[in-house]
Amino acid sequence: DTAVSQTPKYLVTQMGNDKSIKCEQNLGHDTMYWYKQDSKKFLKIMFSYNNKELIINETVPNRFSPKSPDKAHLNLHINSLELGDSAVYFCASSQETYGYTFGSGTRLTVV
Amino acid sequence: AQKVTQAQTEISVVEKEDVTLDCVYETRDTTYYLFWYKQPPSGELVFLIRRNSFDEQNEISGRYSWNFQKSTSSFNFTITASQVVDSAVYFCALSEARRGKLIFGQGTELSVKP
């Protein structure tokens, strides 16, 4: 049973397209996150939701919109994709600060 | 402001050598948590350890050990008798109790050669 699962694992798309990445956790955690890992391996938080409520929204272009239909799901929708959006996107969940469990990542390539 | 610094970008060792990965952090909070994650070539992020700011005891888990020193704001990670399977990028991270988000260091890429 995968604790945090995200789909798809790989996503190749053309500039200007709109795409979504889905994330689900079965750990019963209250908080979910999206992190972006750039080509230099640097990991930076994008968003955080606690019980479906947005609590962290870092400086991210408006083209990125998270959606949390329930506390077990946090999806990431990206409009008008740009070359610079190419990265690995990680979903994670946590219960307070006891531990953060990450999904296996989605490698997004914009061509 | 919160910050995590891993000054070593890349380290290369020969199998069976001991290696220490450095991590220095900055925070104004008195309650915080420190983490180490491993990212092998397959790409997933593997949790290694969590430490809270009130527990300065060193931790040992097999060949892995961690040294937490509040006086120098450091949380260093040592691998004893390194193996090729230890080759990965290692991240140190900080979480403040009231903010919850993880702040990562830049990562240290460890290469263990046979």
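Answer with one residue from B:Val19, B:Pro114, A:Leu54: the one whose Cα lies farthest towards the positive end of the charge dipole of the protein assembly as shown, charges on Cβ with Lys, Arg +1 and Asp, Glu -1.
Going by the charge dipole, the pick is A:Leu54.
Please report the Cα spread of the protein assembly as shown along all three principal axes, rounded to whole Å, starting with the longest.
On the principal axes, the protein assembly as shown reaches 48, 40, 35 Å in Cα extent.
Run the dipole for the range A:1-103 about the Cα centre, Lys and Arg Cβ at +1, Asp and Glu Cβ at -1, nothing else charged, and hand back the magnitude in debye, nearest 20.
Dipole about the Cα centre, nearest 20: 260 debye.
Exactly which trypsin sites (Lys or Arg not before Pro) in the range B:1-45 are in a DSSP loop and have at most 13 other Cβ atoms within 10 Å?
B:Lys16, B:Arg28
What does the charge dipole of the range B:8-114 about its Cα centre add up to, to the nearest 20 debye, if the Cβ of each Lys and Arg holds +1 and the Cβ of each Asp and Glu holds -1?
So the dipole magnitude of the range B:8-114 works out to roughly 320 debye.
Which far-off residues, 5 or more places away or on another chain, put their amide H under 5 Å from the one on B:Leu21, with H placed in the peptide plane?
Those lying under 5 Å, H to H, from B:Leu21 are B:Phe77, B:Thr78, B:Ile79.
To the nearest µm²/s, what D does Stokes-Einstein give for the range B:37-81 at 20 °C and 1.002 mPa s, using the Kirkwood radius over alpha carbon pairs as Rh?
Reported coefficient: 182 µm²/s.
Tell me the label-point distance for the pair B:Thr9, A:Ser65, using the 7 Å Cα-to-Cβ offset, in nm and rounded to one decimal.
According to this spin-label approximation, the distance is 3.9 nm.
Need the C-alpha centroid separation for the range B:86-114 versus the range A:1-70, integer Å.
So the separation of the two Cα centres works out to 19 Å.
Past the 18 angstrom mark, what percentage of all C-alpha to C-alpha distances in the range B:13-114 do you count?
45
If we count chymotrypsin sites (Phe, Trp or Tyr not before Pro) as exposed when they sit in a DSSP loop and have at most 16 other beta carbons within 10 Å, what is the longest stretch of chain A that avoids them all?
With chymotrypsin sites (Phe, Trp or Tyr not before Pro) excluded where exposed in loops, chain A gives A:43-97 as its longest stretch.
Extension gain A:Lys44-A:Met15, at 0.36 nm per residue separation less the Cα-Cα distance, in nm?
Difference between extended and current length: 8.2 nm.
Restricting the count to DSSP beta bridges whose residues both fall in chain B, what percent are antiparallel, rounded to a multiple of 5?
90
Using the charge dipole of chain B (Lys, Arg: +1 at Cβ; Asp, Glu: -1 at Cβ; taken about the Cα centre), state which of B:Val84, B:Ile103, B:Gln69 has its Cα farthest towards the positive end.
The Cα lying farthest towards the positive end belongs to B:Ile103.
Can you tell me what percent of all Cα-Cα pairs in chain A are more than 22 Å apart?
That fraction is 24 percent.
What distance in nm separates the two pseudo spin-label positions at A:Glu53 and B:Glu17, each 7 Å out from Cα along the beta-carbon direction?
It is 5.1 nm.
Run through the range A:1-88 and list the trypsin sites (Lys or Arg not before Pro) located in a DSSP loop whose Cβ has at most 16 other Cβ atoms within 10 Å.
Answer in residue order: A:Lys9, A:Lys40, A:Lys41, A:Lys52, A:Arg63.
Values quoted throughout were computed directly from the atomic coordinates according to the rules given, and no laboratory measurement underlies them. The structure presented is a predicted model; accordingly, all values stated were derived computationally and were not measured. Cβ atoms come from the backbone with ideal geometry, glycine included; neighbour counts cover every protein chain shown.
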